[in-house]
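These notes are about the structure you will find just below.
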Ligand code: PLP
Ligand code: TYF
């Protein structure tokens, strides 16, 4: 049966983790995978999460099946975070939200539902994008194209190119957009640029699919949801996949959500019924633990405030690392200006290092980065940053 099965390629980023784990050099540093590490170099267990888990253990909650769309109070809390607590669009009943198995699971059920709704559509993703976007929409049966996004010369967004490419897509294409903290570049659209993109999407009847996996990592919870809220004010139907993997440091618990904005409350109900069919034939219903913890934190004012404080600390620490990296590289006489690193948002920096330089970082210094030159700034700390900037200066 399996004699002719070929070895599939490794995921380029998760594969890096395997190589890193196998590396025996004690000074090794993993700047590959998009995970937030604290100053001690560990994935934190947030205090708010710890308290919610304790309360949950003490309540000895039974583990029955959840509804197909997950925990209702969790789904409403997700809507408030994304659209704003006083959002009119929530009150209108036009949004449906379903708990999902991480942000990836949200993209997957969204993609599968869209395949039923628009079987002949084209999907467009940014160039570059999180590599799983292409893989996931291709696996759902869609042809996947790129739209121009990152301009390496200006280290910014090629908005004109992006608008042009979006206009040239067939009408009613599905357009995947990073709502904030673009992965891998760390370069986001500003408000005017979002507005211009929105106009073109509307004109072409495209279906926006906003992916927000780093809410709270750029400026703040509300600020980082600005694009989602702009679309909410537009009357357009759209999809939002969201994730708590990073913002709650709950990577392995797989906590995310898919929200869909429809034209009316009545339409939204029918859409939810169809989405539930997709979920039922996929994993039946989502797991309880992670979403229960997030539900308790978001819906308990003191825990919510504590979580926001902890998220703010993560955001501030990343910014300190960006600044320190730029200062050290300049002080050490790097043959390149890295000041753009402080302008980039979220966990990543598109460093501009070449594939060969990334290879040298790994082989000679035990420093792991993605071949594209993407480094995870959230993995830097006061113990490893000197070694990292020394090594970068040497490979330049
Ligand atoms: N979307 C983007 C842009 C991401 O960077 C990630 C990262 O993991 C995800 C989605 C997936 O999130 P999750 O780990 O919750 O599946
Ligand atoms: O881009 C990253 O590093 C994160 C983590 O298949 C990730 O989004 C990477 C690859 C993957 C799943 C998650």
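A few points about this structure:
- Filtered residues of the range 149-165 (kept if in contact (Cβ under 8 Å) with a residue 24 or more places away in the chain and either surrounded by fewer than 13 Cβ atoms within 10 Å (Cβ to Cβ) or touching a strand residue (DSSP E or B) at 6+ places or on another chain (Cβ under 6 Å) (or both)): 149, 152, 162, 165
- Test: residue in the range 344-356 that is over 29 Å from residue 157 (Cβ atoms) and buried (at least 22 other Cβ atoms within 10 Å of the Cβ): no
- Counting only residues that are under 18 Å from residue 80 (Cα atoms) and either in a loop (DSSP other than H, G, I, E, B) or modelled with pLDDT under 95 (or both), the range 254-310 holds 3 of them.
- Inside the range 256-276, residues that are touching a strand residue (DSSP E or B) at 6+ places or on another chain (Cβ under 8 Å) and more than 14 Å from ligand 2 (Cβ to nearest atom) make up a count of 12.
- Any hit, the range 126-140, residues being modelled with pLDDT of 95 or more and assigned to a strand (DSSP E or B): yes
- Residue list for the range 128-146, restricted to those being surrounded by fewer than 22 Cβ atoms within 10 Å (Cβ to Cβ), more than 12 Å from ligand 2 (Cβ to nearest atom) and at negative phi: 138, 139, 140, 143, 144, 145, 146
- Among the residues listed as 96, 125, the single one being in contact with a strand residue (DSSP E or B) (Cβ under 8 Å, 6 or more places away or on another chain), outside the structural domain of residue 341 (by TED's automatic domain parsing) and closer than 17 Å to residue 257 by Cα: 96
- Here residue 111 meets the list (1) farther than 18 Å from residue 228 by Cα; (2) buried (at least 22 other Cβ atoms within 10 Å of the Cβ); (3) touching a residue at least 40 places away in the same chain (Cβ under 8 Å) almost entirely, failing just condition (3).
- Apart from one condition, residue 176 fits all of (1) away from ligand 2 (no atom under 16 Å from the Cβ); (2) closer than 17 Å to residue 236 by Cα; the exception is (1).
- Criterion: touching a helix residue (DSSP H, G or I) at 6+ places or on another chain (Cβ under 8 Å) and more than 16 Å from ligand 2 (Cβ to nearest atom) - qualifying residue of 50, 58, 69: 69
- Here residue 42 does not fit the description of being more than 19 Å from the chain's Cα centre (by Cα) and at pLDDT below 95.
- Residues of the range 185-206 satisfying the condition of being out of contact with any strand residue (DSSP E or B) (no Cβ under 7 Å at 6 or more places or on another chain) and not in a helix (DSSP H, G or I): 188, 190, 204, 205
- Candidates 176, 187: the one that is under 28 Å from residue 248 (Cα atoms), in contact with a helix residue (DSSP H, G or I) (Cβ under 6 Å, 6 or more places away or on another chain) and either outside the structural domain of residue 265 (by TED's automatic domain parsing) or surrounded by 15 or more Cβ atoms within 10 Å (Cβ to Cβ) (or both) is 176.
- Looking at 239, 209, just one residue is in a strand (DSSP E or B), within 13 Å of the chain's Cα centre (by Cα) and more than 16 Å from ligand 2 (Cβ to nearest atom), and that residue is 209.
- The residue pairs whose first member lies in the range 115-127 and is at negative phi, whose second member is surrounded by fewer than 18 Cβ atoms within 10 Å (Cβ to Cβ) and part of a loop (DSSP other than H, G, I, E, B), and whose beta carbons are closer than 8 Å, counting only pairs six or more residues apart or on different chains, are 115/141; 118/172; 119/141; 121/170; 121/172; 122/143; 122/170; 123/143.
- Hits in the range 318-364 (condition: farther than 20 Å from residue 185 by Cβ, in contact with a strand residue (DSSP E or B) (Cβ under 9 Å, 6 or more places away or on another chain) and assigned to a loop (DSSP other than H, G, I, E, B)): none
- Check on residue 14, touching a helix residue (DSSP H, G or I) at 6+ places or on another chain (Cβ under 7 Å) and within 16 Å of ligand 1 (Cβ to nearest atom): no
- Tally, over the range 70-93, of residues that are over 21 Å from the mean Cα position of the chain (by Cα) and not in a helix (DSSP H, G or I): 6
- Test: residue in the range 75-96 that is closer than 30 Å to residue 303 by Cα, touching a helix residue (DSSP H, G or I) at 6+ places or on another chain (Cβ under 6 Å) and either within 15 Å of ligand 1 (Cβ to nearest atom) or without any contact (Cβ under 8 Å) to a residue 60 or more places away in the chain (or both): yes
The values are calculated or read from the model by the stated rules, or taken from the named source; none is laboratory data. No experiment lies behind these values; they were computed from the predicted model shown. All Cβ positions, even for glycine, are placed from backbone atoms using ideal geometry, and neighbour counts span all protein chains on display.
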